[in-house]
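Following: one structure in structure tokens, then a few remarks.
The values are calculated or read from the model by the stated rules, or taken from the named source; none is laboratory data. Fair warning: this is a prediction, and the values are worked out from it, not measured in the lab. Backbone-built Cβ (ideal geometry, glycine too); neighbour counts: all protein chains shown. Heads up: the accessible areas ignore ligands, DNA and RNA and are worked out on the full protein's heavy atoms, side chains in. Shrake-Rupley method; radii C 1.70, N 1.55, O 1.52, S 1.80 Å.
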Amino acid sequence: MTRFFVKPGDIIGNEATLTGENAAHAKVLRLKPGEQVIVCDGAGSEWLCAVTEIGAGEVNLEILEERICSAEAAVHVSVYMAFPKADKLEHVIQKATELGASEIVAFPSNRCVSRPDEKSLKKKLDRWQKIAASAAEQSGRGAIPQVVVLPSFREALRRGAQADLPIMFYENERATTLHMALAEHGWKSVTLLTGPEGGLEEEEVQKAMEEGFKVCTLGNRILRCETAPLCALSAVMFAAGEF
């Protein structure tokens with residue numbers, strides 16, 4: 001069933017309205033009066049609706065049922081990724097959204113080759129958020145992950161350490177595995193922090209440990225910077241009983 005994310009003002013009483021891009025999308029789909037769609041507020045709630053009227057710039061809907069979206073994960077997982085080159089972050093945003101991430105956070109680290117300036121970041125952030133919204137619609141989610149950009153590695157550590165289980169992945173770690181870290185009980189929120197193409201420096205790893213991060217390995221194979229966060233996210237979702 002087709003899913004649309006709308007603004008709070010688009011839902012009033014037992015009626016909802018599709019405007020702008022949503023209305024244009026509805027027309028492309030050739031929706032007709034009587035057909036049912038799902039409308040979401042982007043925060044986990046959704047409404048089953050029936051099309052009542054199709055106008056020039058809007059589509060009117062009647063709300064049939066309100067419910068909590070069952071596609072949202074019980075665990076809050078934040079994916080923290082150091083700025084990668086090219087469009088790798090776009091790929092991670094799309095796939096992490098499909099896998100159930102609650103937010104995707106980008107930040108600079110010492111070995112980052114890509115360091116977007118403030119002007120280009122604004123345009124990129126708008127695009128990244130649209131990618132997350134599109135992936136949330138496609139995957140049947142009821143919430144759109146927030147895409148966040150932080151100004152420094154230190155800020156990423158400070159913010160990421162607030163999770164119940166903050167984890168950093170480091171290719172030179174050998175003793176602690178992700179399986180071991182996830183064996184702890186009681187976590188409801190997880191931070192997964194990965195480095196750029198050149199990896200993280202030892203000094204950065206030490207700072208993360210001082211902030212309370214568990215430093216883990218993802219196995220004996222070196223994963224690409226766009227593969228590592230998705231691999232870790234899948235493992236967390238499996239451990240949380242989402243698969």
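Hey, could you pull the Cα Rg and Dmax for region 1-145, both in Å?
17.3, 56
Just to verify a number: FRET efficiency for Ile54 and Ser134, C-beta to C-beta distance, R0 = 25 Å, to 0.05?
0.65
Pulled fully out, how much extra length does the chain show between Arg174 and Asn220, if you take 0.36 nm times their separation in residues and subtract their Cα-Cα distance?
So the chain would gain 15.7 nm between Arg174 and Asn220.
Rounded to the nearest percent, how much of the accessible area of region 136-191 (1.4 Å probe, protein heavy atoms only) is carbon and sulfur?
Its accessible area is 50 percent carbon and sulfur atoms.
Bin all alpha-carbon pair distances of region 174-219 at 5 Å intervals from 0 and give each bin's fraction as a whole percent.
5, 17, 28, 30, 14, 5, 1
Stokes-Einstein D for region 129-234 at 37 °C, 0.692 mPa s, Kirkwood Rh over Cα pairs, in µm²/s?
The diffusion coefficient I find is 220 µm²/s.
To the nearest 10 Å², what's Ile68's accessible area with a 1.4 Å probe?
Only protein atoms counted, so the area is about 130 Å².
Using helices alone, what [θ] at 222 nm do you get for the chain, with -39,500 (n - 2.57) per DSSP H run of 4 or more residues, divided over all residues and rounded to the nearest 500?
The helix-only estimate for the chain comes to -9500 deg cm²/dmol at 222 nm.
Quick one: net charge around Ala50, please, counting Lys, Arg +1 and Asp, Glu -1 for every other residue with C-beta under 13 Å from its C-beta.
Local charge sum for Ala50: -4.
Under the classification rounded if a/c is under 1.5, otherwise prolate if a/b is larger than b/c and oblate if not, where does region 96-169 fall, given a ≥ b ≥ c as square roots of the Cα gyration tensor eigenvalues?
oblate
So how far apart, in nm, are the two label points at Phe238 and Gln146 if each is 7 Å from Cα heading toward Cβ?
Once both label points are built, they end up 3.0 nm from each other.
Round to a whole number: what % of the accessible area of region 63-108 belongs to carbon and sulfur, probe 1.4 Å?
46 percent
Send over the semi-axes of region 60-105's equivalent ellipsoid, whole angstrom and largest first, taken as the square roots of 5 times the C-alpha gyration tensor eigenvalues.
30, 14, 7
Determine ³J(HN,Hα), in whole Hz, for all residues of region 138-153 in sequence, where each value follows from phi through the Karplus function 6.51 cos²θ - 1.76 cosθ + 1.60 and θ = phi - 60°; x replaces Gly and Pro.
Going residue by residue, I get 4, 8, x, 7, x, 9, 9, x, 7, 9, 10, 10, 10, x, 8, 5 Hz, with x marking Gly and Pro.
Can you give the relative contact order of region 46-135 as a percent, counting alpha carbon pairs under 8 Å and 6+ residues apart?
The value is 25 percent.
Throw me the Rg/Rh for the chain, computed over C-alpha atoms with Kirkwood Rh, two decimals.
On the Cα set of the chain, Rg over Rh gives 1.04.
Name the residues whose placed amide hydrogens come within less than 5 Å of the amide hydrogen of Val105, ignoring near sequence neighbours (fewer than 5 apart) on the same chain.
Val79, Tyr80, Met81, Val148
Suppose all protein chains stay in the model; what accessible area per residue would a 1.4 Å probe give for the chain, in Å²?
Per-residue value: 52 Å².
In what order, largest first, do His91, His185, His179 sit by accessible area if the probe radius is 1.4 Å?
His185, His179, His91
If you take every DSSP beta bridge fully contained in the chain, what fraction is antiparallel? Give it as a percent rounded to 5.
Here the share of antiparallel DSSP bridges comes out near 45 percent.
Ile222 accessible area, nearest 10 Å², 1.4 Å probe?
Estimated to the nearest 10 Å², Ile222 gives 130 Å².
Within straight cross-link reach of Lys88, meaning Cα distance under 23 Å, which lysines are found once same-chain residues fewer than 8 apart are removed?
Counting by Cα, and skipping residues close in sequence, Lys88 has these lysines nearby: Lys119, Lys122, Lys123, Lys124, Lys130.
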